[in-house]
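These notes concern the structure reproduced below.
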Amino acid sequence: MYKQNTGYKTYNYTERSFIDLSVIIVNYKSWDPLQQCLNSLQLKDYKKLNLEVIVVDNCSSDNRLDEFSKQNRDVLFVENTGNNGFANGCNVGAKFSSGKQLLFLNPDTIANEEALFQMNVNLQSNPNYGIVSCKQITSVGNEERYIRLFPSLTRLFGITRAIDRKFSKRYKELKETTNSVVFPDWVTGAVVCISKEEFYSVGGWNEDYWMYYEDVDLCKKIVNKGLQIALLKEVSVIHDHGGASRINVVTSSLTKSEVLISRHIYINNHFAGLKKYVSQILLVIETILSKVFLGVLGTIFFFVPKLVVQRLLCKNMMLYYFQCLTRGSWLSKRSMNF
């Protein structure tokens, strides 16, 4: 059925009230991981929180949405108008939310009540917290790094980033702290808890980005308001990376291209003056030199999948830079704002 005046097709839509936390998940052909995620969000199992779960399907176009929604009747499914990117999918989900707090989750995560409860409580009880997240671990127990600093001229490239980490006082403080709550510059979009009021006060997720860096951008806007990004170390969710971004060499090269493109967009949005221009030029030079070399190897060793990805990545970036010159914009052609 359709929710009135939205233009989006919805499945299992019902009016909801007294919601503590709206969980929003963006899906693109990640049905098996998504089912595991939804299994961990069964409403009947959550006694401390009144949840609603919203899944925005970014036009998977594999005819599975209708049947999948019937298997998960407690979940609101929203069919997006296209594969419009993570930021747009999150913003669409937020439009359908009823809770005062929003939790954006990746479909390849497995949640638990204690983690969600603690994030929600900490967000409400600490007015200085703009975003709250928690630890992420893999299903085999490996902990994902949480020491994340905003991009800067010295953090754009591997060698300079390593040097920066060696001498950065901020990095050292985050690494050595034994506190149960740490305050990195940003957290990944896989687990982001934010109040709806704060979310809309900064304009939501920035749809300049099709994929990647939208989480850095959101955290940057929150920090610019004088608020903190808090990460709870004593609770965690399981996060096994993979999903739709690693299906084949074409998809893999596309997503790797978007990482590089989104770096340019972030620089354009958050750097200023000479620093912006120097950073853009250095990033272009570094990308061309490294990708052309690997692209040549990918042409020679066409039977090696990882090198084929690099060849396709080289092609994608050359086309992107030509587009930047002709259009005068750093945006990806997949961006909703292109």
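The values are calculated or read from the model by the stated rules, or taken from the named source; none is laboratory data. This one's a predicted model, so the numbers in the text were calculated from it and none came from an experiment. Methodologically, a virtual Cβ is constructed for each residue, glycine included, from the backbone with ideal geometry; neighbour enumeration extends over all protein chains shown.
Descriptive notes on the structure:
- Answer residue from the stretch 42-57, given it is in contact with an Asp or Glu (Cβ under 9 Å, 6 or more places away or on another chain) and not charged (D, E, K, R) and is nearest to Tyr13 (Cα to Cα) among those: Val53
- Residue in the stretch 113-120 that is at pLDDT 95 or above and among the charged types (D, E, K, R) present: yes
- Matching option when the condition is closer than 25 Å to Val202 by Cα and in contact with a strand residue (DSSP E or B) (Cβ under 7 Å, 6 or more places away or on another chain), among Asn83, Asn27, Asn12, Asn91: Asn27
- In the set (1) under 25 Å from the mean Cα position of the chain (by Cα); (2) in the same structural domain as Glu258 (by TED's automatic domain parsing); (3) in contact (Cβ under 8 Å) with a residue 40 or more places away in the chain, Val308 fails one condition alone, (1).
- Residues of the stretch 241-256 that are touching a residue at least 12 places away in the same chain (Cβ under 8 Å), part of a helix (DSSP H, G or I) and within 30 Å of Val23 (Cβ to Cβ): Gly243, Ala244, Ser245, Ser252, Leu254, Thr255, Lys256.
- For the stretch 142-169, the set of residues classified as loosely packed, with under 13 Cβ neighbours inside 10 Å and farther than 25 Å from Ser290 by Cβ consists of Asn142, Glu143, Lys169, listed by residue number.
- Boolean, Tyr212 is over 22 Å from Arg311 (Cα atoms) and of a type in the set (Phe, Trp, Tyr): no
- The set of residues in the stretch 293-316 being surrounded by fewer than 14 Cβ atoms within 10 Å (Cβ to Cβ) and assigned to a helix (DSSP H, G or I) consists of Phe293, Thr299, Ile300, Pro305, Lys306.
- Among residues of the stretch 170-188 being touching a residue at least 40 places away in the same chain (Cβ under 8 Å) and among the hydroxyl-bearing types (Ser, Thr, Tyr), the one that is surrounded by the fewest Cβ atoms within 10 Å (Cβ to Cβ) is Ser180.
- Evaluation of Val223 against the conditions (1) closer than 30 Å to Pro127 by Cα; (2) touching a helix residue (DSSP H, G or I) at 6+ places or on another chain (Cβ under 7 Å); (3) in a helix (DSSP H, G or I); (4) of a type outside the set (D, E, K, R) shows that the sole unmet condition is (2).
- Within the option set Lys256, Lys220, being on the phi < 0 side of the Ramachandran plot, surrounded by 17 or more Cβ atoms within 10 Å (Cβ to Cβ), not small (Gly, Ala, Ser) and not assigned by TED's automatic domain parsing to the domain that holds Asp62 holds for one residue only, Lys256.
- Residue check, Glu198 touching a residue at least 40 places away in the same chain (Cβ under 8 Å), among the charged types (D, E, K, R) and either closer than 29 Å to Cys324 by Cα or not assigned by TED's automatic domain parsing to the domain that holds Phe117 (or both): no
- Put simply, of Ile238, Ile288, Ile261 the only residue that is in the same structural domain as Val191 (by TED's automatic domain parsing) and either part of a helix (DSSP H, G or I) or buried (at least 17 other Cβ atoms within 10 Å of the Cβ) (or both) is Ile238.
- Qualifying position, being within 23 Å of Tyr212 (Cα to Cα) and either assigned by TED's automatic domain parsing to the domain that holds Lys275 or in a helix (DSSP H, G or I) (or both), among Arg170, Arg165: Arg165
- Hey, Thr109 outside the structural domain of Leu260 (by TED's automatic domain parsing) and modelled with pLDDT of 95 or more or not: yes
- Filtering the stretch 268-285 for residues that are in a helix (DSSP H, G or I), modelled with pLDDT of 95 or more and crowded, with 20+ Cβ neighbours inside 10 Å leaves a non-empty set.
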